[in-house]
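Colleague: The structure's right below; bear with me while I get my questions together.
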Amino acid sequence: MKQLAIIGSTASGKSDLSLKIALKMNAYILSIDSLSIYKEIDIVSAKPSKEELLKVKHFGINVLNPDEYFSVDIFIELYKEVLTRCKSDNKNLIIVGGTSFYLKSLMDGLSPLPKITKEIKNSVDKKLKNLQACYETLYAIDEEYMKKINKHDKYRIEKALLIYEASNQTPSKWFKNNPPKVIIKHLDIYNIEVQRDILRDTIQKRTQKMFDMGVIDEVSYLEQKYSRLPHSMCSIGIVEVLDFLDNKISKDKMLELISTHTAQLAKRQQTFNKTQFNDIVSASLEELEKIILSQ
């Protein structure tokens, strides 16, 4: 069985390339996208179409409800399940997506989290309504760990609080007692390079397409069903639409901000991919297809 990864910034063409490669090399696809994992967040996440999902078996898409807890630990367990499935079905595996932190975690290893029950998650969600109080409580018991975290970083504060409540240990003690274990020792990684002006144009077109497809209705539905509290509701594309619905910004400003924030995300993704992985192959979309299929 062979496995490889295709990474790149948002709107770089990863999904199309992975689909082409998967069809030619008898592979399943595992998505590493922090939004596509959620059901009902379809337009904002720019998921593959239903037709594309039928062409090749995809994993990591439409797995959780938007208000369910998701972490890299859950992704690693998903990867292990997919790997077993690929071996059973005699399939190769293509890991593809923009959340390269998940991929790095597979290669570098990650400390497991304690078991997070629904009761603990609900308790933490209530406490997070006062983010400052949560930060101060955690800082008081584990200054070593919390001084590395910004007091406005809700995601990492939430993770620290979940560890503390689920294990009755400070995050520092938990990670010391649960060192990381490498999951993948070697993996061929292919990075899509896109010129910044071309990417910016693609992002603007994608943003307009999201609007035409009904992103405002999608976000309105998600807010009504799940509220604004879940972490998934703080994503680019959702936050700007919520501001529009609150009459804080105009429609044109909403589209402009989605494009701007997506472009900023793309830049961060490009930097991460270039600096966090060794021995990756970077090339244009067209060149990468030829390179991968020639291996």
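Colleague: For the stretch 1-122, count the residues as N, evaluate 2.2 N^0.38 Å, and divide the Cα radius of gyration by that value, please. Show your work: numbers first, answer last.
Modeller: Working: Rg = 14.4 Å, N = 122, 2.2 N^0.38 = 13.7 Å.
Against the compact-globule rule of thumb, the ratio is 1.05.
Colleague: Let me ask something additional. Percent antiparallel among DSSP beta bridges with both residues in the chain, to the nearest 5? Please report the intermediate quantities before stating the final value.
Modeller: Working: 1 of 21 bridges.
Among the beta bridges of the chain, antiparallel pairing accounts for roughly 5 percent.
Colleague: Okay, moving on. Once the piece of chain linking T117 and E51 is laid out straight, how much longer is it, given 0.36 nm per residue of separation minus the C-alpha distance between them?
Modeller: Numbers: separation 66, 0.36 × 66 = 23.76 nm, distance 3.57 nm.
The span from T117 to E51 would gain 20.2 nm if fully extended.
Colleague: Follow-up question, since we're still on this one. What number do you get for the stretch 204-295 when its Cα radius of gyration is normalised by 2.2 N^0.38 Å, N = residues? Working shown, then result.
Modeller: Details: Rg = 17.4 Å, N = 92, 2.2 N^0.38 = 12.3 Å.
Scaled against compact globular proteins, the figure is 1.42.
Colleague: Strictly over 19 Å apart at the Cα level, which of K2/K290; K39/K205; K20/K290; K121/K159; K148/K173 would you flag in this model? Walk me through the numbers on the way to the answer.
Modeller: Numbers: K2/K290 17 Å; K39/K205 24 Å; K20/K290 11 Å; K121/K159 10 Å; K148/K173 15 Å.
Listed pairs above 19 Å: K39/K205.
Colleague: While we're here: How big, on average over all directions, is the shadow cast by the Cα convex hull of the stretch 118-177, in nm²?
Modeller: Spelled out: convex hull of the Cα atoms, projected over all directions, averaged, 3.7 nm².
Colleague: Follow-up. Given N residues in the chain, what is Rg(Cα) / (2.2 N^0.38 Å)?
Modeller: Numbers: Rg = 19.7 Å, N = 295, 2.2 N^0.38 = 19.1 Å.
That ratio works out to 1.03.
Colleague: Let me know the Rg and Dmax you get for the stretch 149-234 when you use only its Cα atoms, in Å.
Modeller: In Å, with Rg to one decimal and Dmax whole: 20.1, 50.
Read-outs: derived from the displayed coordinates by stated rules, not from any lab. Here the structure is a predicted model, which means the values were calculated and not measured.
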